Amino acid sequence: MGYKKLPLHKQAELYLRRLIEQEEFRDGKLLPNEIELSEQLEMSRNTLRQAINTLVSEGLLIRKRGVGTRVAEKNIYSEATNWLSFSQEMKVLGVEIENFELHISKQIPSEEARFFFSIPENTKVLRIERLRGKVNFPFVYFVSEFNPEIPLNGTENFNRPLYEILRNDYHIVVKTSREEISAAPANNFIASKLEIETGDPILIRKRAVSDADGLPIEYNIGWYRADSFTYKIESVRNSI
């Protein structure tokens, strides 16, 4: 399909995707304002804004009232208002993922996971441990525990994104993630996995994930190198 045959907002979206890959605009540079862009593309500002909104929702652009629209910096981040899986976060940033370790077992869950799943004591659950990161640079160690009510059994190909497996193989669509972020010194085990010194700062990210019906699906803990992860929060204060 030719470029001009696309709907106008898709033409604008394609133009912006190409624009933000240019060296001039990478890593936090402001884009031309909406008036300039709409004139360049010969389309209305409303149409242009629709394309910008799409890229903002994907985490590629950041828009600030009174400042402008800029390209998101290429760091590892999570947005509190629109949570993403680890694979989605990396895809948004254009980061190639390397899986360094994968361990699958059936174990008695942590107390936090057991409470979240509301299951009896001594009930074993599927537990997946993964060391992941950029190529030749592991920066996060994950432990995921799963509700025994879901059919995930450990024989799946976990080179695929986890939530893709749940959606495509088992028709489970995750929707809600309740998160908790804290800082701590790395213990010997985590330090050895992340290739840092014992006592170096790490960020601990806990996620309690539920499906669209509110069924608890996964309890996940990630231990991140503190120099490789940023958590962004944007809050809007209601008028009083």
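Identify, by number, the condition in (1) modelled with pLDDT of 80 or more; (2) assigned by TED's automatic domain parsing to the domain that holds GLY133; (3) not hydroxyl-bearing (Ser, Thr, Tyr) that LEU48 doesn't meet. Failed condition: (2).
Report yes if PHE158 is over 26 Å from ASP200 (Cβ atoms), assigned by TED's automatic domain parsing to the domain that holds ALA212 and among the aromatic types (Phe, Trp, Tyr), otherwise no. Write out each step before concluding.
On the way: over 26 Å from ASP200 (Cβ atoms): yes; assigned by TED's automatic domain parsing to the domain that holds ALA212: yes; among the aromatic types (Phe, Trp, Tyr): yes.
Yes; evaluated as a whole, the condition is true for this residue.
Among the residues of segment 123-152, those that are in contact (Cβ under 8 Å) with a residue 60 or more places away in the chain, farther than 21 Å from LEU215 by Cβ and aliphatic (A, V, I, L, M) comprise LEU131, VAL140. How many of the residues in segment 98-122 are assigned to a loop (DSSP other than H, G, I, E, B) and farther than 19 Å from VAL209 by Cβ? Residues flagged as assigned to a loop (DSSP other than H, G, I, E, B) and farther than 19 Å from VAL209 by Cβ within segment 98-122 amount to 4.
Output the residue which, of all residues in segment 184-200 that are among the β-branched types (Val, Ile, Thr) and in a loop (DSSP other than H, G, I, E, B), is surrounded by the fewest Cβ atoms within 10 Å (Cβ to Cβ).
So in segment 184-200, the residues among the β-branched types (Val, Ile, Thr) come out as 190, 196, 198.
Checking which are in a loop (DSSP other than H, G, I, E, B) leaves us with 196, 198.
Working: ILE196: 18, THR198: 12.
Here the residue is THR198.
Quick one: is SER57 at pLDDT below 90 and of a type in the set (S, T, N, Q)? Taking the combined requirement at face value, the residue satisfies it.
The rows are residues; the columns are (1) in contact with a Cys (Cβ under 8 Å, 6 or more places away or on another chain); (2) in a helix (DSSP H, G or I); (3) at pLDDT below 95.
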site: PRO138; (1), (2), (3): no, no, yes
site: VAL143; (1), (2), (3): no, no, no
site: ASN159; (1), (2), (3): no, no, yes
site: GLU164; (1), (2), (3): no, yes, yes
site: ASP169; (1), (2), (3): no, yes, yes
site: THR176; (1), (2), (3): no, no, yes
site: SER182; (1), (2), (3): no, no, yes
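The values are calculated or read from the model by the stated rules, or taken from the named source; none is laboratory data. Just so we're clear, the structure is a prediction, and the values are computed from it rather than from any experiment. FYI the Cβ positions are ideal-geometry reconstructions off the backbone, even for glycines, and counts take in every protein chain you see.
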